[in-house]
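Read-outs throughout are calculated quantities, based only on the coordinates presented, and are distinct from any laboratory measurement. In this text, all values refer to a predicted model and were calculated from it rather than measured experimentally. Here the Cβ positions follow ideal geometry from the backbone for every residue, glycine too, while neighbour counts run over all protein chains shown.
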Amino acid sequence: MTRPPVPLAAVLVLLASFSFAADKPKITLDEFFNYVEIPAVEISPDGNSVVIAAERADWDRQIFQTDLWLYRDGGTPTNGSLMRLTQSGQDTTPLWSPDGRWIAFLSERRFTGGKDGDDDDEDSQASASDKSAAQVYLISPNGGEAFPLTFGEEEVHAFAWSPDSKAIYFATRTPRDKDEEEAYTKLWKDTRQYRAAERGDVIYSLDLAHALERHAASGTRETTKAEKRSHLTTTARAFAHTPWRIQQIEVAPDGRRLAFVTTSVSQRMEKTADFEIYSVDLTSDSAEVLPRQLTHNEALEEDLRWSNDSHHLFFRVTYGSVEGKYVDYQDRLYWLDANTGDVQRWVADFSGSVGRFTLLPDGNILAAARLGTEVQLYSQASPKSAFAQRHGWPGTYDRVSAADNSPRVALVYSSFDRPAEVYLADGPDKLEQARPITSFNQLFTERDLPMAKPYQWTSDDGTRVEGMLIYPPGKFEAKNLPMFTFIHGGPNDADGNHFEADWYQWDRLAATNGWLVFEPNYRGSTGYGDKFYTGIVPEIVSRPGKDILSGVDALVKDGIADPARLTVGGYSYGGYMTNWLITQTPRFKAAVTGAGAVEHVGNWGNDDTTFDDAFFLGGRPWEAPKRYHDEGAIFQVDKVRTPTHIVAGADDIRVAVSEDYLLDHALFSLGIPSTLLIFPGEGHSLDKNPWHGKIKVREELKWLEKYGGVGPVAQAKPH
């Protein structure tokens, strides 16, 4: 196809942009890992302030530090102010009181009475070992010190404000008294009773005025252990119990009902019955209120929101099916009638995946939803009305939060060339005029970063598949490049037009080191319809494997990728796929894999999310034994010729670390170059010590350089 001529003005702009980029230094490994994540954004009820949780690496303390920041609007786009509100490094989940006077949050800090806010204190210098069980803390948006509302040896799992701001409801595991604890220890010593010793949660009501009086009377002295044991009985009232763990609490706007959603006490997803929505009548005079079960399905519900009229309860489903027998679909949005329990689906005609949402003052939902490589904001007024896209910038919207008494919304936005920051918009119809209110990741805008674009190809069975191509800086749309096929996890995820920089998503570092990075959205990815998503069943690795290899073939055929310099890698499900692909072809010169299964029987038994694996494989191990065998990389590992670097968290139960030992042992016995790094104390997500993720990526880059044919290190020959 002949392309139309490019206007001279466009050429001059393009040349100027390349010249400007050439003046910028490239991002370094150290700079990359100082990227700031934004796990929470909450706008105040009046829309004039935003509380933000910001997570960054604390290299000296060897922890990820999360603190709260407060933005205040000054009336014009240029005179707002951003201040650090807390600095213990252990503060998460901020929630405004409905009257806007307080911010409650969870913290694992040890309360010593030291000041918070802008001043350094003992908390800010505490080590990771000084953490205690997460408790509810309170701070004024006008400053001052934060102080605990709850005390106890059991962590708070969930909390919520009453609509009149006079009470806080919270859930903890049912505590043992001193005598019960001593009796248990005497009988069992340090023996762990798996499942049998777990306990469900109790829900408490805490009167705010009483808690404030207690705080004023106690001053700044540290609470004793005996006081912590008695605190729940002296300041908080227990009124409901459940045999499950509570993961979220929401109170109806009229204050008459409380809803909660449960998870298993072991925190393993083994039975769908552990995951249901319940309500509690807050108007009851009974000392103990029996929760009423509202859902009875084979789905995992989350993200509860009451409708503005207190009649319906919104929720999302990320695993399983509301409609019948367990089936994994893309993320869906529903609501239920809190009186009858009748459930109705929202966004039924949308072919993509529905992400986090908020409620606007007029009762409409505003949701971030993925379609292909874009995550945009959409709104809907009722289950039967249109799901309409709101005009915004290309890229990815997330963490959207709407004010109760204002049209304003706060959100996180990023695109491939714009790092994530928090933005404030005067309404959902004014997204294109939203202004950034943070500059946590400004450094990345001052570096010569890779450029990217979507890429489409046809798979072996004629299905159209899409992915992303990330080019080395200064080589956008160049040909015959060494290529790193970087496979996302999930599989219910997708790569696209967003900005991320961490141990899991390090495509920009790979591109900066000379690789064309190919990120395939294989079958099983979200944003392409339920048929595409469920096309992975029951071929959990072989079907997406064909999609990925056909994409590699297309890039070679198009002259974009150098067939002599192909590498592959991924983590979690991306590790599954990497482990499988190196058994299917010797074309990859190097592989980097992490937390990936090589067989499915043991992995099913150890996995904390057994629903999806069994669904994708067509049953449990004894129901589909041949499929478990045929889709297991370990049974074809003798075909591997690719030098492989492996990483794992020592305490991983999502994909048991035994899978990584098994792969390494197999490669070692075959004489294939391999290495295995085990990160102590880490689970599936490397979120304990930032050095672990940094070391992981540093060594993966070295491995690609050593065996993949890029960089100064000579390529070694596999055995």
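Summing Lys and Arg as +1 and Asp and Glu as -1 over all other residues whose Cβ lies under 15 Å from the Cβ of D309 gives a net charge of -2. Packing order of peptides 611-618, 591-598, highest average first: 591-598, 611-618 (average count of other Cβ atoms within 10 Å over each peptide's residues). Under 12 Å from a label point 7 Å along Cα→Cβ of T174: give me every residue in the stretch 184-221 with its amide N that close. Taking a point 7 Å out along Cα→Cβ of T174, the residues of the stretch 184-221 whose backbone N falls under 12 Å are 197-203. Once the C-beta distance of E155 and T534 is scaled by a Förster radius of 45 Å, the resulting FRET efficiency is 0.75 to the nearest 0.05.
Straight-line cross-link reach from K589 at under 21 Å between alpha-carbon atoms covers these lysines, not counting any fewer than eight positions away in the same chain: K479, K546, K557, K639, K696, K702, K706, K717.
The radius of gyration of the Cα set in the chain, together with its Dmax, comes out at 26.1, 84 angstrom.
Every helix of 4 or more DSSP H residues in the chain counts as -39500 (n - 2.57), and over all residues that averages to -6000 deg cm²/dmol at 222 nm. Net charge of the neighbourhood of V347, taken over other residues with C-beta under 15 Å away and scored Lys/Arg +1, Asp/Glu -1, is +3.
Judged by the mean number of other Cβ atoms found within 10 Å, the most tightly packed of the peptides 495-508, 525-538, 372-385 leads the ranking 495-508, 525-538, 372-385.
Sorted ascending by nearby beta carbons within 10 Å, beginning with the fewest, Y326, Y184 become Y184, Y326. Cross-link reach is defined here as a Cα-Cα straight distance under 16 Å, omitting same-chain residues fewer than 8 places apart; for K24 the aspartates and glutamates meeting it are D417, E446, D448. Rounded to the nearest 0.05, the FRET efficiency derived from the C-beta distance between N79 and D254 at R0 = 41 Å is 0.60.
Given their separation in residues at 0.36 nm each and the Cα-Cα distance between them, D362 and A564 gain 66.9 nm when the chain is fully extended.
Residues of the stretch 482-514 falling in the label zone of T28, defined by backbone nitrogen less than 20 Å from a point 7 Å along Cα to beta-carbon, are 501-503, 506-514. Charge tally around R173: other residues with Cβ under 9 Å, Lys/Arg +1 each, Asp/Glu -1 each, net -2. Once the Cβ-Cβ distance of W393 and D426 is raised to the sixth power relative to R0 = 22 Å, the FRET efficiency obtained is 0.90. Annotation for E198 and D461: the two label points, set 7 Å from Cα along the Cα-Cβ direction, are 3.6 nm apart.
Each of V412, V556 was scored by other Cβ atoms within 10 Å of its Cβ. Arranged with the fewest first, they read V556, V412. Pairs of Lys residues in the stretch 149-346, spaced 8 or more positions apart or belonging to different chains, with C-alpha separations under 30 angstrom: 12 in total.
Take every Cα pair under 8 Å in the chain that's 6+ residues apart, average their separations, divide by the length, and report that relative contact order as a whole percent.
Answer for the chain is 9 percent.
For the stretch 149-346, a simple Cβ point-charge model (Lys and Arg +1, Asp and Glu -1, everything else neutral) yields a dipole of about 440 debye relative to the Cα centre. Shown for K166, K271: other C-beta atoms within 10 Å of each C-beta, ranked fewest to most, produce the order K271, K166.
Among 41-48, 207-214, 516-523, the peptide with the highest mean count of other Cβ atoms within 10 Å heads the list, and the full ranking is 516-523, 41-48, 207-214.
Tell me, in nm to one decimal, what length is gained between R237 and W604 on full extension, where the rule is 0.36 nm per residue of separation less the Cα-Cα distance?
Additional length available on full extension: 128.0 nm.
Gain on full extension, evaluated as 0.36 nm per residue between A216 and T340 minus their Cα-Cα distance, stands at 40.2 nm.
Classify the stretch 407-534: rounded, prolate or oblate, from the alpha-carbon gyration tensor (a ≥ b ≥ c, eigenvalue square roots; a/c under 1.5 rounded; otherwise prolate if a/b is larger than b/c)?
oblate
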